[in-house]
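Take a look at the following structure, please.
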Amino acid sequence: MARQQHRRGNNNRKGNNNNRSRNTNTNFTPKKERVEVKEITYNGPLSVGELAEKLNRNASEVIKLLFMMGTMVTINSTLDDETIELVCMEWNVDVHKEIIIEESDFEEQMEEAEDEALLENRPPVVTIMGHVDHGKTTLLDTIRKTHVTEGEFGGITQHIGAYQVNVKGKRVTFLDTPGHEAFTAMRARGAKVTDLVIIVVAADDGVMPQTKEAVDHAKAAGVPVIVAVNKIDKAGANRERIVSEMSELGLMPEEWGGDTIYADISAKFGTGVSDLLETILVVSEVYNFRANPNKLATGTVIEAKLDKGRGPVTTLLVQGGTLHTGDAVVVGTAFGKVRKMTDDHGREIKKALPSTPVEIIGLNDVPIAGDIFKAFDHEKKARQIAETRLNNKIASERNATGAAMSLDDLARQIEEGEVQEVNLIIKADVQGSAEAVRASMEKIDVQGVRVNVIRSQAGAITESDILLASASHAVIYGFNVRPNALVRKKAEEEGIEIRLHNIIYKALEEMENAMKGMLAPVYEEVVIGQAEVRQIYKVSKVGTIAGCMVTDGCLRKECGVRLIREGVVIYTGKLGSLKRFQNDAKEVTSGYECGLTIENFNDIKVDDVIEAYEDQQVEPE
Ligand code: GDP
């Protein structure tokens, strides 16, 4: 009650007393002597705490001031420029924002014009779009099968999300991700990877909604279009109808006075496909796609996944410069050295020129399709830049999910009863599971409580997840992925809950119960320790014995274990045996070596991590 009156009092003062807070008896009055700040300069997002420090005030004063203005924030909330200005205005402080163009903003640099003299021709990068069932996949397959370069044995290219074919001695790159999602997702992330779009229309079906969408996307991206009239082998094929319907969408053929090229094909039987490829070359010559190959590489992520054995595996399209094995790269917020680079035939290569798709390993995290990459001279620099980018990302995510909430919202919530929002971070071994969990979690409907997924990604649970969770009061859900000991400690320090599952419906059930306020597990799985595999001994009859160092907590003979490789759970089971030297041990604690086997499991490798857990009874609250 008292607080409400207070608020009203302050509101009344608003607007008629510019010098308000100094000597009036309000909570703003500084209790201690302070040096008054007249001017501040900042260059990035500021949290409430950071702004308070610059203003030489307590964070609580800033929080109170913003509360009066109708915004609820916490000490960790990030403030936008406008709010920073408002706060400063209230206290008569001049504020200046420094704009610093950092090396870490390499998306901006990609747009920079290059010196014409340094540019050389490069293969066009082509995307195939069109309505479902009109033949996109068939066309991609036919091109792949029939135009693999001579001498490239095996012929069958592996699926890395893009491939190159040889047309009359010239290369053409195809993005092997049909569908508009990939194209739009990349464009939405600011990536420009496609030079040319082929819109496939089935001659027996006509222009359909996704055909129109494809035309819109291509137009919005400002790239040339070739219309492939497909399925001309079919009895019901009606080419004229397609041409007239596509002309209505602004794609008039040359014979009607327009400038759109049409190609009649049968993707299934290969008819006209070679002509289509030659047409791509003709269009490419007109547009003259070029890049400078003699510089450090830049480009875009086409696909990325976490592989159980190899760690993050990323398909990159090199767009400028040349990428070499051993180069240090920053990809989105991940970084690393290109340890191994393979082409679309699975062959190891040492360098990749502009327009070449390559699969690389060596990154420390899984990036997202559409992320931009850049190579750097030194690994140290790459690491620094990746860290800067990660911090910027965390700051902006914190901003987006910040605790800011207007008083109106608050009032409405109170009226509705204890309304809460559960923020979640979802990490899984593959992007598909992360998305599936996200979709199901967001559908959970328990009155008044909303699930808000603030990050769902493929990859191990990392420190950045803990930081984001901490900044936005989120719970972390892991599917088939585990945090390492360091991350687990950090989570404990920050008071972040990590729930680990490998069955989606169990996680959903748990979440739903939690939201109903019914989560009172009798038993809870508690991780009691971790060990690293240092050596492997294969012994016939016994199987694989792992020589380990217990790095955290302890391992007990009866405990459950998980085998983790590169952050991914490979196997869950029980210990077969636990020994210190030759003797059976009941328990081996941190800092000691031990030998162990896992029941019914022998695929243990050096550097694997063994996580030990026990079911422990939890006192109901
Ligand atoms: P997408 O959904 O656009 O990728 O279409 P698909 O490539 O999966 O093709 C859908 C169906 O059309 C499949 O059954 C193909 O075999 C068939 N199809 C594709 N191209 C042709 C073609 O040129 N002629 C005929 N007769 N069938 C085709």
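If you check every pair at least six apart or on different chains, which have Cβ atoms under 6 Å apart with a residue in the stretch 128-146 that is under 19 Å from Lys212 (Cα atoms) and more than 7 Å from the ligand (Cβ to nearest atom) first and a residue that is in a helix (DSSP H, G or I) and of a type in the set (D, E, K, R) second?
Partner pairs satisfying both residue conditions: Ile128/Lys136.
State whether one or more residues within the stretch 560-576 are surrounded by 18 or more Cβ atoms within 10 Å (Cβ to Cβ), of a type in the set (Asp, Glu) and either in the same structural domain as Lys308 (by the TED database) or part of a loop (DSSP other than H, G, I, E, B) (or both).
Within the stretch 560-576 (the criterion being surrounded by 18 or more Cβ atoms within 10 Å (Cβ to Cβ), of a type in the set (Asp, Glu) and either in the same structural domain as Lys308 (by the TED database) or part of a loop (DSSP other than H, G, I, E, B) (or both)), the answer is yes, since at least one residue qualifies.
Name the single residue, out of those in the stretch 235-272 being in contact with a Lys or Arg (Cβ under 9 Å, 6 or more places away or on another chain) and within 16 Å of the ligand (Cβ to nearest atom), that is nearest to Ile198 (Cα to Cα).
That would be Tyr262.
Criterion first (within 16 Å of the ligand (Cβ to nearest atom) and open to solvent by 70 Å² or more (accessible area, probe 1.4 Å)) does Asp275 satisfy it?
Yes; evaluated as a whole, the condition is true for this residue.
What strands (runs of 3 or more DSSP E), lying completely within the stretch 245-358, carry at least 3 residues that are farther than 23 Å from Ile372 by Cα?
261-264
Might you check whether a residue that is in contact with a strand residue (DSSP E or B) (Cβ under 8 Å, 6 or more places away or on another chain), part of a helix (DSSP H, G or I) and either modelled with pLDDT of 75 or more or outside the structural domain of Ser590 (by the TED database) (or both) occurs anywhere in the stretch 407-421?
Yes, because at least one residue in the stretch 407-421 is in contact with a strand residue (DSSP E or B) (Cβ under 8 Å, 6 or more places away or on another chain), part of a helix (DSSP H, G or I) and either modelled with pLDDT of 75 or more or outside the structural domain of Ser590 (by the TED database) (or both).
Separate question: Answer with yes or no whether Thr300 is more than 16 Å from the ligand (Cβ to nearest atom), open to solvent by less than 10 Å² (accessible area, probe 1.4 Å), farther than 30 Å from Val569 by Cβ and not small (Gly, Ala, Ser).
For Thr300, the condition - more than 16 Å from the ligand (Cβ to nearest atom), open to solvent by less than 10 Å² (accessible area, probe 1.4 Å), farther than 30 Å from Val569 by Cβ and not small (Gly, Ala, Ser) - is met.
Also: If the requirement is being touching a residue at least 60 places away in the same chain (Cβ under 8 Å) and not aromatic (Phe, Trp, Tyr), which of these qualifies: Thr322, Thr314, Thr300?
Result of the check over Thr322, Thr314, Thr300: Thr300.
Report the residue count in the stretch 570-590 for those that are more than 12 Å from Cys554 (Cα to Cα) and charged (D, E, K, R).
Of the residues in that region, 4 qualify.
Search the stretch 346-399 for residues being open to solvent by 30 Å² or more (accessible area, probe 1.4 Å) and among the acidic types (Asp, Glu), and hand back the single one that is modelled with the lowest pLDDT.
Glu397
Can you tell me which of Ile199, Ile232 is at pLDDT 90 or above, within 14 Å of the ligand (Cβ to nearest atom) and buried (at least 22 other Cβ atoms within 10 Å of the Cβ)?
None of the other options fit; the residue is Ile199.
Of everything in the stretch 49-94, what is surrounded by 19 or more Cβ atoms within 10 Å (Cβ to Cβ) and part of a strand (DSSP E or B)? Give them in sequence order.
Selection gives Thr71, Thr78, Leu79.
Which residues, counting only those in the stretch 460-498, are among the charged types (D, E, K, R), surrounded by 15 or more Cβ atoms within 10 Å (Cβ to Cβ) and more than 20 Å from the chain's Cα centre (by Cα)?
Correct list: Arg488, Lys490.
Please go through (1) buried (at least 21 other Cβ atoms within 10 Å of the Cβ); (2) at pLDDT 95 or above; (3) β-branched (Val, Ile, Thr) for Thr322 and return the number of the only condition it doesn't satisfy.
It fails just one condition, (1).
The values are calculated or read from the model by the stated rules, or taken from the named source; none is laboratory data. All values reported here derive from a predicted model rather than from experimental measurement. Please note: Cβ atoms are built from the backbone with ideal geometry, for glycine as well, and neighbour counts cover all protein chains shown. All accessible areas refer to the heavy atoms of the entire protein, side chains included, with ligands and DNA or RNA removed. Shrake-Rupley method; radii C 1.70, N 1.55, O 1.52, S 1.80 Å.
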